[in-house]
Structures are given as C-alpha cells and as structure tokens.
1. Would you confirm, using the coordinates I've provided, whether F316 is closer than 21 Å to L386 by Cβ and open to solvent by 20 Å² or more (accessible area, probe 1.4 Å)?
2. Checking the structure you have, find out if any residue of segment 130-148 is under 18 Å from the mean Cα position of the chain (by Cα), polar (S, T, N, Q) and part of a helix (DSSP H, G or I).
3. I'm told A490 meets every condition in (1) under 27 Å from C511 (Cα atoms); (2) in contact with a Ser or Thr (Cβ under 9 Å, 6 or more places away or on another chain) except one. Can you identify the failing condition by its number?
4. What number of residues within segment 139-157 are within 13 Å of V72 (Cα to Cα) and open to solvent by 60 Å² or more (accessible area, probe 1.4 Å)?
5. Please find, among L111, L136, L160, L128, the residue that is surrounded by fewer than 17 Cβ atoms within 10 Å (Cβ to Cβ) and among the aliphatic types (A, V, I, L, M).
6. Look through S120, S174 and report the one residue that is open to solvent by less than 40 Å² (accessible area, probe 1.4 Å), part of a helix (DSSP H, G or I), under 25 Å from P196 (Cβ atoms) and out of contact with any Leu (no Cβ under 6 Å at 6 or more places or on another chain).
7. V202 versus (1) touching a Leu at 6+ places or on another chain (Cβ under 8 Å); (2) in a helix (DSSP H, G or I); (3) surrounded by 18 or more Cβ atoms within 10 Å (Cβ to Cβ): which is the lone unmet condition?
8. How many residues does segment 525-570 contain that are in contact (Cβ under 8 Å) with a residue 24 or more places away in the chain, assigned to a helix (DSSP H, G or I) and under 21 Å from F178 (Cβ atoms)?
Amino acid sequence: MQTEDETETSIWKKCGRCTTNNCNHECYVTHITGCYSCSWKAKPEKKPRHGFCCCSLTEQLFSPFPVIAFFVSVILLFVWIETSNEYNGFDWVIYLVTGYWTIGSILLLSLFGILVAYTSLLLILALLVFREGYELYLHWSHKILIVLVIGICSIVLLLLNIYWEERWLTLRLSLKVFAPYLHLCSITMMVLLFWPVAFYLVQLEQEARFRRYQMMFFKRKKMKRCNTITKLRAAQVAIGLPFFLILLCLLVVPWGFYSPCLQERHKLGPKPDLFGHRGAPMLAPENTMMSFEKAVENEAFGLETDIYLSIDGVPFLMHDHDLRRTTNIREVMPNESLSSSSFFYWNFLSTLNAGKWFLKYKIYYNMKPLSEADKEKARKQMIPTLSDYLELAKKTNKYVIFDLNGPPPKHPFRNTYVRRVVQVILDSKIEQHLIYWLPGFDRKYVRIFAPGFQHVGRLWTIEELRKQNASIINVDYKKLFHNGLKEYKAANITINLYIVNEPWLFSLAWCSRIHSVTTDNIELLRQIDDPSYIMTPGYYMFLWFLMDCVSAVIIYAIFYFHWWRENQKEKVFESTSSYSVLKESRKLKGGD
C-alpha cells in the first residue's frame, strides 16, 4: 500500500513528464511556425479542421514560387560549381572592368549556396508545419525574398546565356564525367523525396475516405463532398503521377549518353603531359623565372608563355596589354600605366618589379600559402626576356609554346616582329624540335629559316592542317569536345588543350586520350596517378541494378509505414466518434 505522500509524488512525476513533453512539442511547433510565418506565439486554435486545403487562396496562389525559387537556385549553383575551371577567367573579366583583382567567382559561389540553403529551408519548414496540421502562412518578408531569389537567379542565368555561352559547353562536358554518378544520386534523392510525397498521398487518401464516410450519414451535403473527393483524387494524380514517372525513368531507362570515363582500365591511354601555363602561376608570379622554375620542379613537359616586343626590339614575357596588373608601373610611372607595354624601352622594363603584386592578392581560390623563402624570392622577381626563358628550357630540355603578340601600329617592329623573335630563338642555340611554333603570321619565313620548329595549328580542318604541315593543335577544351575530336584522333593529330585546372576535366582529357594539357594547377595535376572518375561499365551496371532493388524495397516500406500509421489513427478516430455520428444521424432522421 502506498502512503498518501508517495501517491502524491507519483502523480506529480506523471504530470511533470506530461508537462515536459507537451512543452517540448509546443516549443517545437512555435519554432517552426515562427521561422516560416514570423509568428512566435503558440496558437493551437489555428489548427484547421479536417479538410482538403491547408492554407488560404492567397497562399495557394503563391505556393509555386518557393518551389520555383528552389529549383532555379539549385540549377544556378550546379552550373556555377560545374564550371569552376573557368573561375579565373571570370575574375579576369572583373579585373578588365574594374581594374582591381578580386575572387568574385568564389563570392558568387557563396551567394548561390546561401540562396539554395534559404529556399530549401523554407520548403522543409512548410512540410513540417503542414505535417503538424497548421495553416501555411508565409510571412511577407519571406515572400519578398523569394521573389528576389527568382529574379537574381533568372538574371544571372540570362547574363550567362548572353555573354558567356561557353559556360554551357563546360557544363555539358561535366555531365560526360558525372552523369553516371548523377544518375545514381538522382535515384537516391527520389527515394528520400518519397517520404513527404507518400505522406501527402496517404493524407489525401484518408481525407477522401473520411469524406465518403460522412456521405453515408449526411445526405444533405452529398454533392459538395463528391466535388471535394474529385479534387482530392486530382491532387493525388497531379502529385503522384509525375513523381512515379520520373522515378520509373531513373530506375528502368539507362541514361542515353556516352561517357569516356566509362571504360575498362586496360584500355586507358597514357597520362596527358603538362604544359605550365605562364609557368606555375599558383606557386609563383606568372611569367617570371621563378614561375618557370617551379613548373620544372613539378615535372612539366613544357612551358607556355606570352611574348611582347619592346620598342627597341627586345622580346620579353608579359600577358597583359599593359603593365598595371603584374608590375609596379603605377608606383614608378602612374601617368603611363595604361600605355601598351610595347612602347617602353627594355632598359626601363628591366627595372620594374614583377613579383610584389603576387603577394598582395589571392589570384586563385585554391592557392596554397607560400613559404617565407618563396615570398622573399617572389618579391625580387623582374620581367624576363625571351632569351632567359629559352635558356631555362634549353638547360632542362623542356618544350616551349608561346603566344606572340603583334606590336601596335607605329611600332618600329610592326611588320618584322616574327623575324626578330625567330632570330632570338636561333641565337639561343636551343634544339629546334623543342619549339612548338604557334604564331600564324609569316609562317613561310619560319619554315625556311627554322625548319626544325614543330608547327602548331588551331581548331582547323584536317585539310588545312596538312596544308600548313602541322600535326599538332592547341585548342580550347570546350570547343574541341564540342566538335572535331574524333576526326583529329582518326588523323593521328597531337592534341594540346588549354586551360585545364580541375581534376575532373583532366580526368576527362585522360580518358579521351588527349596528349597534353596546359594548366595553371600543375602541382595538383602532377600528383594524379589515375583518372579521378573512371568507372568500368560492368561496375556501373551492377550499381545501377543494386540501386533499383534497394530503392524499390525502401519505397514500399515507406508507403506501407505511412499507410499503417494513418490506419491506426483512423481506428482511434472511428472508435471515439462512432457514437456521436450515430446520434447525429438519428437526430437528422427524426427531423425528417
């Protein structure tokens, strides 16, 4: 027998547990409704009656907007992530417009990630609020932000489509690599999405059954409830049919694509050679001797650079038209900072510092910090001449390839710059076969006086390459994969791609049997010993079949769980309300 004090204590313990559970649930409901509708007061009375609509007409009309915002933000984020190989090019455009170097590409990536996180959070909150049975009321501030998200994403996608169409080519190339993985991930995502879809479909089914149950007793509102049942069935079809059609396509229909990364490993070609783009610009200031030395340390196959001629005929290494970005011209001679670098004498150019700028900016988002010794060495870098560059290539037996920029009008070497450069190369005594001759101007002269140079073409036809006696092409990776790859390989043309920085793109080039690539990221690509995303066809088919079987079992289990749980609720509801419904029906019959 319990004493009176023990009985009172046990009662308070039960009440305490009940109060704690209720308070926790009330706090949870308050939190999700507060985040969604900015109403932080718990209002159990707002729980709607058992019915089809979960919100007002205004909310129903606005409901597609969060979904649209989520999809366009996801598309934009996916496009931006997949085109990461072009980030430096985007930052270069910003520099040309503003005159200052910033990593705008990473800032945009962060912004797009925030937009995706925000829109997905709103959808999750809407699902949780609906699951608790409360009305969906999105606060006006969220509505304004949703419209802004749609506007921002639409404008950015439109601008990319107008001014940067090549990004879509990069995106298509990424699908060649990631399509098998995207296929398997899509099946997984559809299975995860089936949880809320199954919950909603079962809710609609239970609502329809409840309406039919009411029609047995309340004949006066039979027509109205028939219309409601029709709407419920239409909602089930509108939600369930597209979902199951997409799922069926993913489960049954293989992706109709050709991926070079789906191949047997014994058929894999040799690893592409690496040309250091302006040396190793992630490790040292571009187009400096330190940069080329770093490329040599990282086992570069060849060295790539850009050449201008000074007004007194000295070929020197420089990429930009002017000297603002990579030298201290603004400090030394600010009034002439916008002048073409070709209009300066070499005696002046040789005094400019070409390394301090590198320590001020983070040129590439994935650059590693420099050691103190490298920082000190970078501060002392000057503009190299073509002779310095060739001396290093000769000593290390590296191939060289360069863009030769013609001097502007009124330059004394305007018409003879190619001959001047050829003479400097011949004077260096470098072996002629190490020169990949890319400039197209005055090729006849080059063939006569430097017959050992290997002539390199662009994205030319096979006939034109044969006419120019060129067996090598140097092309933009986006344009090559878009057209002509098979024809060049069939004609046994040596292919060099530029600019390849990302491992996935390097893996695609490797699986496609590309001979060499020009890269900024030579340190990372040198360490890759195997294509990152290669998969044998048999292994892919095994994973595909396994995913089909597992997903089918999980989908059936999810649907069965929701159906069982709703049936349990219905039994409890029928047991508690059968007497009241019977009593009400008797009253109605007595009234009739």
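The values are calculated or read from the model by the stated rules, or taken from the named source; none is laboratory data. Owing to the predicted nature of the structure, the values given are computational and were not obtained by experimental measurement. Cβ placement follows ideal geometry from the backbone for every residue including glycine, while neighbour counts extend to all protein chains displayed. Just so you know, the surface numbers come from the protein's heavy atoms only, side chains and all, with ligands and any DNA or RNA stripped out. Shrake-Rupley method; radii C 1.70, N 1.55, O 1.52, S 1.80 Å.
1. Numbers: closer than 21 Å to L386 by Cβ: yes; open to solvent by 20 Å² or more (accessible area, probe 1.4 Å): no.
Against the criterion (closer than 21 Å to L386 by Cβ and open to solvent by 20 Å² or more (accessible area, probe 1.4 Å)), F316 does not qualify.
2. Narrowing segment 130-148 to residues under 18 Å from the mean Cα position of the chain (by Cα): none.
Checked segment 130-148: no residue is under 18 Å from the mean Cα position of the chain (by Cα), polar (S, T, N, Q) and part of a helix (DSSP H, G or I).
3. Result: A490 fails condition (2) only.
4. Filtering segment 139-157 for residues within 13 Å of V72 (Cα to Cα) gives 146-157.
Filter once more, so that each one left must be open to solvent by 60 Å² or more (accessible area, probe 1.4 Å): 147-148, 152, 155.
Qualifying residue count, segment 139-157: 4.
5. Numbers: L136 fails: surrounded by fewer than 17 Cβ atoms within 10 Å (Cβ to Cβ); L160 fails: surrounded by fewer than 17 Cβ atoms within 10 Å (Cβ to Cβ); L128 fails: surrounded by fewer than 17 Cβ atoms within 10 Å (Cβ to Cβ).
On inspection, the qualifying residue turns out to be L111.
6. On the way: S174 fails: under 25 Å from P196 (Cβ atoms).
When all the criteria are applied, what remains is S120.
7. Only one criterion in (1) touching a Leu at 6+ places or on another chain (Cβ under 8 Å); (2) in a helix (DSSP H, G or I); (3) surrounded by 18 or more Cβ atoms within 10 Å (Cβ to Cβ) is unmet by V202, namely (1).
8. 8
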